[in-house]
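Just below is one structure, and these are the notes that go with it.
The values are calculated or read from the model by the stated rules, or taken from the named source; none is laboratory data. These numbers come from a predicted model, not from an experiment. FYI the Cβ positions are ideal-geometry reconstructions off the backbone, even for glycines, and counts take in every protein chain you see.
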Amino acid sequence: MSSTSCLAPLAPRLPCGRVRLPPPSAAAERPSLRFKPRGAAPTKGWSLVHISCFRQDQDVSTTSDDGTGFKCNEQAEISGDPDLKEEDGGSPNTDAQSYVNGDWSVRAQKIKENLQETIFRFWNGRWAVPWTGQTIAQVMFLWIATFWLVGSWIVPFLAHAAGFSKETLTHRGQALYSLVTDITEGLAGIAILHQCLGRFRPLPPGWFEFKLKGRWHWDVALGCLLFPLVNLLSHINISLVHMSSGPVAGVSSVEQSIVARDPVAMALYAVVVTVCAPIWEEIVFRGFLLPSLTRYMPLPWSILLSAAAFALAHFNVQRVLPLIFLGVVMGGVFARSRNLLASMVLHSLWNGFVFLDLMK
């Protein structure tokens, strides 16, 4: 007889059809379950787990090593209850909610750390500047002096020597005059940079870089989204100038050519404002001045100071506020991308936006 069976084998069938069962043996008797009195100390004993009457229904996983159908365990009695208490594994919903909350907290912590690292790197972003403040002041002074000397004296003197002046020219002649003057000023500024920085060549990495590759296009697109704010500051600045009864600038030659609707003059002026001016100005203010200032101050202050110099160099009190803000935006784009092409494209797009606005 199997040790896990509770019944003896069936006797052979009698002729009368009755089945005679033998008397139960001691091995087949059901074990007696003894209950302890309330408050008794827990003891180690045998508890009934599974009793199978057929060999093929045995549950091996619930039987003990000796195959008696019982499992030895510790009886845990709480308030006199002899039933065994299973370990509570927790609610599945609670575990899932805890996992989700923990996952979001980890993500939030990573985002916070990345943001702090970005701000730290931006604040402490510096260029390797081999020259001192004396060279910075020298370059900027010579550039402003050359800009004024070429535009106000050299080109007008050459035009007068050729027998004409800007005021007597047609709209197309004035546009061509402005283009020649702007190109001359830009080339003179580049010559000054080349001469003053020649003794520091080769320059450290990161200076005057033009890169087509990279993700600087997204920075330029983000800067373009701020154009309406620059335009709003322009209107506010003009209103403040009128309220203070300050000098109001007259109509420029660009505006005169637009009013005259001369297509050739408008095309020449478009080249001046969208190609020439962005190249020269970005090389000086973002390419040279902004990185040079990081030798003495954090990057944000360098961006702000170079933007103020950029606005003052236009000699137009009606455009100070928008030009400072625009200089900050272009400085931020350049500092993030370390690419002069990015700030040049943004500068060109802004000038084109203003030019198209004047054509309305």
Filtered residues of region 305-317 (kept if farther than 19 Å from LEU229 by Cβ and either outside the structural domain of ALA137 (by TED's automatic domain parsing) or surrounded by 19 or more Cβ atoms within 10 Å (Cβ to Cβ) (or both)): SER306
Can you tell me which of TRP127, TRP131 is at pLDDT below 90 and of a type in the set (Phe, Trp, Tyr)? TRP127
Which condition breaks for ASN339 when tested against (1) within 17 Å of TRP216 (Cα to Cα); (2) surrounded by fewer than 19 Cβ atoms within 10 Å (Cβ to Cβ); (3) not hydrophobic (A, V, I, L, M, F, W, C)? (2)
Surrounded by fewer than 12 Cβ atoms within 10 Å (Cβ to Cβ), of a type in the set (Lys, Arg) and at pLDDT below 75: does that describe ARG107? no
Look at ILE183 and say whether it is under 28 Å from TRP127 (Cβ atoms) and out of contact with any strand residue (DSSP E or B) (no Cβ under 9 Å at 6 or more places or on another chain). no
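Results for (1) part of a helix (DSSP H, G or I); (2) surrounded by fewer than 17 Cβ atoms within 10 Å (Cβ to Cβ); (3) without any contact (Cβ under 8 Å) to a residue 40 or more places away in the chain, shown as yes or no for each residue.
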{"residue": "THR274", "(1), (2), (3)": "yes, no, no"}
{"residue": "PRO278", "(1), (2), (3)": "yes, no, no"}
{"residue": "VAL284", "(1), (2), (3)": "yes, no, no"}
{"residue": "LEU290", "(1), (2), (3)": "yes, no, no"}
{"residue": "TRP301", "(1), (2), (3)": "yes, yes, yes"}
{"residue": "ARG319", "(1), (2), (3)": "yes, no, no"}
{"residue": "VAL328", "(1), (2), (3)": "yes, no, yes"}
{"residue": "HIS347", "(1), (2), (3)": "yes, no, no"}
Sole residue being out of contact with any helix residue (DSSP H, G or I) (no Cβ under 8 Å at 6 or more places or on another chain), β-branched (Val, Ile, Thr) and at pLDDT 90 or above, chosen from ILE192, ILE144, ILE136: ILE144
